[in-house]
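Please read the structure below before turning to the comments.
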Amino acid sequence: MRTHFIAIGGSAMHNLAIALKDKGYHVTGSDDAIFEPSKSRLEKKGILPEELGWFPEKITSNIDAVILGMHAHQDNPELAKAKELGLKIYSYPEFLYEQSKNKTRVVIAGSHGKTTITSMILHVLNFHQKDVDYMVGAQLEGFDCMVKLTEDNDFMVLEGDEYLSSPIDLRSKFLLYQPNIALMSGIAWDHINVFKTFDDYIEQFRRFVASITPGGVLVYNEEDAEVVKVVENAENYFRKIPYKTPEYEISNGKVLLKTEMGDIPLSVFGAHNLLNLEGARHICHTLGIMDEDFYDAIMSFKGASKRLEKVEREDKGILYKDFAHAPSKVKAAVKAFCEQFKNEKKYGFLELHTYSSLNPVFLEQYDHAMDGLEEAIVFYSEDALKIKRMEPISPDLIKEKFKNENLKVFTNAEELHAYWDLLDKTKGVYMMMSSGNFGGLDLTK
């Protein structure tokens with residue numbers, strides 16, 4: 001099968017391209033910008049475009065499927081050529097459904113926790129040598145590629161994202177998967193650039209639940225009031241399995257999960273991660289993994305990439321990085337960090353750089369998000385605001401919305417880096433929260 005990727009360099013798109021190459025497909029692609037690690041990984045597989053840019057001449061009538069990424073625009077010249085030739089154009093999730101329509105699809109959804117839960121499930125299945133197809137949004141230890149597609153596997157585990165499918169398909173990605181087994185971890189307003197109101201955002205999750213196949217299963221977080229409302233108001237038939245935070249304790253800096261089989265030591269920490277673990281346990285149970293086998297495997301789970309991930313520093317200082325940028329994720333990460341390190345001085349750095357996080361209306365969602373930290377620092381780039389054509393934001397407004405008078409706010413990367421260089425990283429503990437890189441800050445030095 002011949003496939004062509006428009007915007008092949010994306011973190012999700014390049015993984016799918018590699019998975020198809022591994023499956024034996026003929027893969028080509030284009031992009032106007034490809035960064036690491038996508039560039040090296042595509043090059044290793046022999047599918048890195050020879051030059052950057054869009055080339056309509058690459059689009060020929062013998063292509064079986066064109067896969068369109070979100071990075072491309074509606075007026076993309078390769079997309080126009082594909083339409084002109086009448087080729088079949090798929091969004092990323094649409095193509096994944098096509099590859100898994102004859103399998104049992106397990107879809108993990110929610111505003112937060114879905115990457116970690118999906119990673120936990122895959123870790124457990126891999127530990128017990130249970131082979132499944134999958135798609136997950138973060139690099140996971142023991143996995144070379146974050147997409148796997150085969151002809152033979154009976155199950156496919158999918159991280160279900162509520163963001164848009166493609167420039168020409170404005171449905172939420174997870175609405176295309178039609179899950180047989182689903183999980184919903186939580187609902188907290190995000191992607192304000194697309195979902196203008198909270199109800200509009202919640203509507204995507206109502207539709208997701210409505211898309212569960214008849215007689216399917218939904219595992220859901222009963223501690224989240226919005227999730228419970230969606231589940232209780234659903235009109236379609238499926239089996240409902242609630243879950244909540246399990247009992248645990250922290251002893252000598254180690255998290256111990258309380259179970260009928262005794263205390264289970266874990267490598268991850270934070271109440272939100274224990275809640276994620278419980279959701280993963282229920283999903284694994286539906287896939288035939290008994291609790292004893294689940295706990296046996298989960299002890300060695302060290303976390304998904306950039307989810308409370310410990311950074312090895314040259315000076316041996318204690319530093320974690322987390323992908324947290326949305327308010328609910330920041331609050332959960334800060335709470336976990338403060339609970340884990342009660343006796344140390346805690347430094348928390350947060351970078352605001354998404355459209356939502358830089359919107360003055362949405363900023364109110366961050367109230368008290370950094371409470372509990374001895375030193376709380378927020379960084380955003382005034383240049384980023386200009387690039388996004390957004391109105392300037394004052395540091396005072398940030399402090400007001402965060403409801404934290406002691407907050408330090410930096411709007412210039414050089415000033416942030418100068419402050420960082422003055423800190424003795426061997427004293428205290430540090431957490432860096434961002435889906436960016438703090439203006440190029442090297443966290444290992």
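Tabulated data for the structure shown
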| item | result |
| --- | --- |
| Tabulated pairs, region 59-84, first touching a residue at least 60 places away in the same chain (Cβ under 8 Å), second among the basic types (Lys, Arg) and in a helix (DSSP H, G or I), C-beta under 7 angstrom, 6+ apart or interchain | 78/58 |
| Test result for residue 250, aliphatic (A, V, I, L, M), over 21 Å from residue 107 (Cβ atoms) and in contact (Cβ under 8 Å) with a residue 24 or more places away in the chain | yes |
| Residue match in region 48-71 (condition: within 27 Å of the chain's Cα centre (by Cα) and among the aromatic types (Phe, Trp, Tyr)) | no |
| Of all residues making up region 193-237, the number that are touching a Leu at 6+ places or on another chain (Cβ under 8 Å), in a strand (DSSP E or B) and without any contact (Cβ under 8 Å) to a residue 40 or more places away in the chain | 2 |
| Residues of region 238-254 classified as under 19 Å from residue 179 (Cα atoms) and either of a type in the set (S, T, N, Q) or in a helix (DSSP H, G or I) (or both), total | 0 |
| Any hit, region 304-315, residues being free of Cβ contacts under 8 Å to residues at least 60 places away in the same chain and over 28 Å from residue 258 (Cα atoms) | no |
| Members of region 372-428 that are of a type in the set (A, V, I, L, M, F, W, C), free of Cβ contacts under 8 Å to residues at least 12 places away in the same chain and out of contact with any Ser or Thr (no Cβ under 9 Å at 6 or more places or on another chain) | 418, 422 |
| Among the residues listed as 200, 263, the single one being among the charged types (D, E, K, R), out of contact with any helix residue (DSSP H, G or I) (no Cβ under 8 Å at 6 or more places or on another chain) and farther than 22 Å from residue 297 by Cα | 200 |
| Residues of region 429-443 satisfying the condition of being among the hydroxyl-bearing types (Ser, Thr, Tyr) and modelled with pLDDT under 90 | 435 |
| Region 313-327, residues that are touching a Leu at 6+ places or on another chain (Cβ under 7 Å) and charged (D, E, K, R) | 313, 321, 322 |
| Residue pairs meeting the criteria (Cβ under 6 Å; at least 6 apart or on separate chains; first among the hydrophobic types (A, V, I, L, M, F, W, C), in region 30-47; second surrounded by 14 or more Cβ atoms within 10 Å (Cβ to Cβ) and assigned to a strand (DSSP E or B)) | 47/27 |
| Count - residues of region 79-114 that are at negative phi and out of contact with any Leu (no Cβ under 9 Å at 6 or more places or on another chain) | 12 |
| Residue that is closer than 14 Å to residue 179 by Cβ, part of a helix (DSSP H, G or I) and at pLDDT 95 or above, where the choices are 108, 121 | 121 |
| Of all residues in region 165-205 being farther than 20 Å from residue 223 by Cα and of a type in the set (S, T, N, Q), the one that is surrounded by the fewest Cβ atoms within 10 Å (Cβ to Cβ) | 197 |
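For (1) in the same structural domain as residue 319 (by TED's automatic domain parsing); (2) over 28 Å from residue 112 (Cβ atoms), each residue gets a yes or a no:
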{"site": "381", "(1), (2)": "yes, no"}
{"site": "384", "(1), (2)": "yes, no"}
{"site": "390", "(1), (2)": "yes, no"}
{"site": "415", "(1), (2)": "yes, yes"}
{"site": "422", "(1), (2)": "yes, yes"}
{"site": "427", "(1), (2)": "yes, yes"}
{"site": "440", "(1), (2)": "no, no"}
{"site": "445", "(1), (2)": "no, yes"}
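Every residue, every condition in (1) touching an Asp or Glu at 6+ places or on another chain (Cβ under 8 Å); (2) at negative phi, yes or no:
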| residue | (1), (2) |
| --- | --- |
| 199 | no, yes |
| 204 | yes, yes |
| 209 | no, yes |
| 217 | no, yes |
| 228 | yes, yes |
| 232 | no, yes |
| 243 | yes, yes |
| 253 | no, no |
| 256 | yes, yes |
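The values are calculated or read from the model by the stated rules, or taken from the named source; none is laboratory data. Just so you know, these numbers come straight off a predicted model, no measurement behind them. Glycine gets a Cβ as well: all are built from the backbone with ideal geometry, and neighbour counts include every protein chain shown.
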